[in-house]
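Notes for the one structure printed next.
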Amino acid sequence: MQVTLHQDKCVASGQCVLAAQDVFDQRDLDGVAVLLDDRPPAELHDDVRQAAAVCPALAIALADA
């Protein structure tokens with residue numbers, strides 16, 4: 001899985017961090033999401049899919065890798 005985070009779309013809701021804290025974090029300054037791992041291990045794929053699904057700004061794109 002290849003994960004892309006479009007920070008310019010992020011509205012800092014933190015839903016991605018709640019769903020997949022090993023893959024996403026938030027900047028302290030403004031709360032915008034930060035991608036920690038753009039190719040997470042298979043055991044995190046369900047969490048990452050959930051993070052993409054709950055993102056209110058649709059700022060997370062997933063692709064098969």
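The single residue among GLN7, GLN21 that is among the polar types (S, T, N, Q), modelled with pLDDT of 95 or more and within 9 Å of the chain's Cα centre (by Cα) turns out to be GLN21. If I go through the range 23-37 residue by residue, how many of them are in contact (Cβ under 8 Å) with a residue 24 or more places away in the chain and more than 10 Å from VAL3 (Cβ to Cβ)? Residues flagged as in contact (Cβ under 8 Å) with a residue 24 or more places away in the chain and more than 10 Å from VAL3 (Cβ to Cβ) within the range 23-37 amount to 3. A Cβ distance below 7 Å, combined with a sequence gap of six or more or placement on separate chains, defines the contacts here; from the range 38-65, residues that are closer than 12 Å to VAL23 by Cα reach residues that are modelled with pLDDT under 95 in the pairs ARG39/ALA65.
The values are calculated or read from the model by the stated rules, or taken from the named source; none is laboratory data. Predicted model only: the values in this text are computed from it and were never measured. Here the Cβ is made from the backbone with ideal geometry for all residues, glycine too, and neighbour counts use every protein chain on show.
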